[in-house]
2 protein chains.
Amino acid sequence: MTTSSERMIEGVPGPGQIGRVAIGDVLRRTARRHPDRVAIVEGDRRATYRMLDDDANRFANYLLAQGLKPGDKVGCICANSTDFIPVIFGIHKAGLVWVPANAMLGVDDIDYIMRHAEVGHVVADDVLAAQPAMAEMLAKLGRPVTVIEVPGSPVPKGSLPYISFGAAIEGRSTVEPEVAIDERDLALIMYTSGTTSRPKGVMHCHLAVVMAAMSNSIEWQIGREDGVTGVLPLFHCAQHTVLLTTMMGGAKMHLMRGFDPAVMLEGLAAEGLTIMVGLPLMYRALLEHPLRKERSLHLRMCVYAMAPMPEPLMRRLLDEFCPDFRLSSGQTEMYPGTVMSRPERARLRFGNYWGESCIVNDTAIMDDDGNLLPPGKPGEIVHRGPNAMLGYYKQPEATAAARLHGWHHTGDIGVIDEHGELLFLDRKKDMIKSGGENVPSIKIEEVLLGHPDVQNAVVVGIPHARWGEAVTAFLVAKPGTEPTEESIVEHCRRQLGGFEVPKLVVFLEEMPMTATGKVRKTELRSRYAGHFEPA
Amino acid sequence: MTTSSERMIEGVPGPGQIGRVAIGDVLRRTARRHPDRVAIVEGDRRATYRMLDDDANRFANYLLAQGLKPGDKVGCICANSTDFIPVIFGIHKAGLVWVPANAMLGVDDIDYIMRHAEVGHVVADDVLAAQPAMAEMLAKLGRPVTVIEVPGSPVPKGSLPYISFGAAIEGRSTVEPEVAIDERDLALIMYTSGTTSRPKGVMHCHLAVVMAAMSNSIEWQIGREDGVTGVLPLFHCAQHTVLLTTMMGGAKMHLMRGFDPAVMLEGLAAEGLTIMVGLPLMYRALLEHPLRKERSLHLRMCVYAMAPMPEPLMRRLLDEFCPDFRLSSGQTEMYPGTVMSRPERARLRFGNYWGESCIVNDTAIMDDDGNLLPPGKPGEIVHRGPNAMLGYYKQPEATAAARLHGWHHTGDIGVIDEHGELLFLDRKKDMIKSGGENVPSIKIEEVLLGHPDVQNAVVVGIPHARWGEAVTAFLVAKPGTEPTEESIVEHCRRQLGGFEVPKLVVFLEEMPMTATGKVRKTELRSRYAGHFEPA
């Protein structure tokens, strides 16, 4: 690793550790300013900034005492908990690399991640109780294990030797270790689940993560008076960056281990939370919960992510839940938020209107030859900004492909309209070439979902002699209905061009899904690859 | 210069230009998001973000067409004007180094700065009309000169060939040049005027300046609805960082070429400005101006800098002018803000209470051996943070001294109290060692200023056999008064310890001052060095 003290500018050494940017500094600085302010509320537990910073320093000192060296990887298989926060910051303060796995993944995938990242230490929690095979896998992996003990969810004593988080930090110094960290040092590897392949390890440096959080802080104008939800998992980039954003503002976070609308409504009201970050389905559940009208909420801003919000739901939420809703889009590869919808246009723009670039990055549309396209022309959504990943761990080819022509390639197709707003069209690999035209699968899926008998719809392109790719629809019917192919095609004809209308409609009992809830389009494509006579 | 694309992390090249942090990106990103929003108001002129960004790109292309190469220096001798802004951003977008001189300095000092920095190009404005010797100096310097023409203030056509800013950018491309910029590349050299020596060139990289501005944005929760004053000179770090802060928020700045309380009050009211950044004397002038009560102001926050605010003035300002006043302290060496007072304590803490560290840096107190001191112990104020300078240009020894023990040394003596608030005591070199005790010159000066006949007071230590250094007071009496040494000493005895009471009182007609208004204490010290018998 190159450190900034080795970099020279006109014969003068750089500012080195004096001028570093490091994730751990965020917690320390807020702890110095507001030692006794509550940072995390989780059930009955309230942790101040000082408590979290002390525990993070203790855990950093523990890890270093185990012989881990800067740059070593520490795997985490944890859901949200107060103790998970000093674990994350402790790893960063020790100059180690955080490798969080999605704790809901199967044992095989987590095993793959831990081995691929070559972790030197593992932190787990009651996932060991929920998935007994996990302890077995970790025992085989043979790395030291620290366990965050969750009250009421004892970890079975089995073949796996481990030390509890409490025992690990017991008696350790609360003085932060002096470790040389450069802002371009690797800080985390976050694995994204693919629909077609093994998870890819997205590498980020300290600067990328801190810049993303500072950008959010500015966009959200977050301050000490704010309280923020912590319901999305911290092992994903969204909640992790929201955690840092919250800390920069000296605000507090209401941490939840999982989503429960009643518990969440109580928390929103009792803690006077002002900012919520969640999924559309969560907002729907809160809106429709009987407790909602009995509790007084103080939300000034709601951010949603991962999926568009149906227009009727959005209108109701704006009227009844919070006047300021924003879609924040991004991906693990561009530490979020990357693009955010304009709150003042929430009643004008719906669905896949993503909005405008956040202040930390540029967003543009690029054709396949690397030319940036003017407004109105669809192409691949590309970004530039310090929140861009360093690359995919051990995948130099995938890394090179992701930064072709000097921009980060998202794999998403979109268009920037005359108002400067980004409209997402489709994943690049899901775009169908039918009759010489580009057909976004999402556009056809939306039309299909408008059919009264359709519960779920997925559209892919299948090789076809005449069309090139034939638009092919896979449908799950609503319970108690039996829609026919004819009624579906007729429904589509009224709203779509001939090249867009499905050439084949297949009814399924259920969609093939990945562990993280993505449809396996590749499986559908390959299953029907020979259905039509190819060109 | 090392570029990030050359830095490697575990065999994967860094994100290079995709992930850079660069000052010019701030303007471009806001211009993309809000092209038609007004960024700068100056008299009758209103410039949108698009206009400024276009002009900055044109000027960058002009500079590069002159053969300037990345890393070359461009000197600026300019007061505030709308065109100065694309000049600054154009320099940065071209990968060049901005060298702003204080336009109020004498020709000799500016000549020194231009030669010391080895500028390859100079931008000036009607300073050429105000100081005829300036044109002569620039002619001798022999570098190409661009002149910002100020309406109503024609530049005399003399021996100096130059091109006007308008002519320079005429017909140039508005497309930003693709220049490789690394966030640790040198972005500016800002010369600080010393009281004892030639100005020192403080070097900052792109990252330092951007991080300082992002930190301010978060501290101030600045947004599109804000309007910010631009009355301090842009050639100083304070207003420059406020400009970037304003742009990050998509807000507007009301630019003034100099301070005029009536014009400023009209601007505050007419533009609905919400944030003012000024000097205590400006706030006093605005408060006392007859126009004030006739204009409706919308200020939500006032930041003051450079000098403490007298308590009675502060109380009146809080009651009558704006409910939120904050002292922002820093120095060119730590791009500001570095330390800021807490608004909620504005009625509890006065004078030299500087408050708490901003989120971008750590602040601590250090003894002469490099030990960090606990609360209550006075010592040198030191900082760490990415806003720390790269060093003093061509002064490796001064640079090394400024970063001894891994912290940036401010040369200020302070103490952190039990509330975590920083109290400034004195400049380190002005601290007097009397009878084995540390005596802050400022403390004695404040007592002296409390004497009814004292207009101005400066205190230094003079070598003395018994005291080590004898506290020595230099006073300017109020017009029409003739205070005696006895009455002064008697006044001090009532409030100070014996070792703190002046051992010599000297009455002066006026204080010896530098061009930027600092008292030449060194001159006073050396003039009286032999007054007492030394040890």
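Some points to look at:
- Selection count, segment A:396-414, where residues are at positive phi and touching a Pro at 6+ places or on another chain (Cβ under 7 Å): 0
- B:Arg37 vs. criteria under 29 Å from A:Leu390 (Cβ atoms) and open to solvent by 10 Å² or more (accessible area, probe 1.4 Å): no
- Screening A:Thr399 on (1) assigned by the TED database to the domain that holds A:Asn371; (2) free of Cβ contacts under 8 Å to residues at least 12 places away in the same chain; (3) open to solvent by 60 Å² or more (accessible area, probe 1.4 Å) shows it passes everything except condition (3).
- Residue count, segment B:16-34 (criterion: part of a loop (DSSP other than H, G, I, E, B) and either open to solvent by 10 Å² or more (accessible area, probe 1.4 Å) or acidic (Asp, Glu) (or both)): 2
- Of all residues in segment A:242-258, those that are away from chain B (no Cβ under 14 Å) and modelled with pLDDT of 95 or more total 7.
- When B:Lys433, B:Lys428 are checked against the criterion of being within 22 Å of B:Arg527 (Cα to Cα), more than 14 Å from chain A (Cβ to nearest Cβ), open to solvent by 40 Å² or more (accessible area, probe 1.4 Å) and in contact with a Ser or Thr (Cβ under 9 Å, 6 or more places away or on another chain), a single residue qualifies: B:Lys428.
- Flag for A:Ile462 being closer than 24 Å to A:Ser341 by Cα, of a type in the set (A, V, I, L, M), outside the structural domain of A:Val339 (by the TED database) and surrounded by 14 or more Cβ atoms within 10 Å (Cβ to Cβ): no
- Within segment A:109-144, the set of residues being over 21 Å from the mean Cα position of the chain (by Cα) and of a type in the set (D, E, K, R) comprises A:Arg115, A:Glu118, A:Asp126, A:Glu136, A:Lys140, A:Arg143.
- B:Val339 fulfils the conditions (1) modelled with pLDDT under 95; (2) under 17 Å from the mean Cα position of the chain (by Cα) except for a single criterion, (1).
- Of residues in segment B:224-241 being closer than 15 Å to B:Tyr49 by Cβ and within 14 Å of chain A (Cβ to nearest Cβ), the one nearest to the chain's Cα centre (by Cα): B:Asp226
- A:Gly355, sole failed condition from (1) assigned to a strand (DSSP E or B); (2) over 30 Å from A:Tyr393 (Cβ atoms); (3) open to solvent by 40 Å² or more (accessible area, probe 1.4 Å): (3)
- Search result, residues across segment A:322-352 that are aromatic (Phe, Trp, Tyr), more than 13 Å from chain B (Cβ to nearest Cβ) and open to solvent by less than 20 Å² (accessible area, probe 1.4 Å): A:Phe325
- Of the residues B:Val303, B:Val242, the single one that is among the β-branched types (Val, Ile, Thr), outside any helix (DSSP H, G or I) and crowded, with 22+ Cβ neighbours inside 10 Å is B:Val303.
- Residues satisfying the stated conditions in segment A:272-283, i.e. crowded, with 18+ Cβ neighbours inside 10 Å and outside any strand (DSSP E or B): A:Leu273, A:Thr274, A:Pro280, A:Met282, A:Tyr283
- Every test in (1) touching a His at 6+ places or on another chain (Cβ under 9 Å); (2) assigned to a helix (DSSP H, G or I); (3) within 14 Å of chain B (Cβ to nearest Cβ) is passed by A:Leu265 save one, and that test is (3).
- Reported count of residues in segment A:14-72, each being more than 14 Å from chain B (Cβ to nearest Cβ) and among the charged types (D, E, K, R), is 7.
- Candidate set from segment B:195-207 (those that are in contact (Cβ under 8 Å) with a residue 60 or more places away in the chain and away from chain A (no Cβ under 12 Å)); member that is farthest from B:Ala238 (Cα to Cα): B:Thr196
- Top-ranked residue in segment B:383-399 [being hydrophobic (A, V, I, L, M, F, W, C) and facing chain A (nearest Cβ under 9 Å); ranked as farthest from B:Ile113 (Cα to Cα)]: B:Ala388
- Residues in segment A:458-496 that are assigned to a loop (DSSP other than H, G, I, E, B) and either within 11 Å of A:Leu448 (Cβ to Cβ) or under 35 Å from the mean Cα position of the chain (by Cα) (or both): A:Lys478, A:Pro479, A:Pro483, A:Gln495, A:Leu496.
- Any hit, segment B:436-449, residues being in contact with a Phe, Trp or Tyr (Cβ under 6 Å, 6 or more places away or on another chain) and modelled with pLDDT under 90: yes
- Filter result for A:Ala457 (out of contact with any Ser or Thr (no Cβ under 9 Å at 6 or more places or on another chain), of a type in the set (Gly, Ala, Ser) and open to solvent by 20 Å² or more (accessible area, probe 1.4 Å)): no
The values are calculated or read from the model by the stated rules, or taken from the named source; none is laboratory data. Because the structure is predicted, anything quoted here is derived from the model rather than measured. Cβ coordinates were reconstructed from backbone atoms using ideal geometry, including for glycine residues, and neighbour counts include every protein chain displayed. All accessible areas refer to the heavy atoms of the entire protein, side chains included, with ligands and DNA or RNA removed. Shrake-Rupley method; radii C 1.70, N 1.55, O 1.52, S 1.80 Å.
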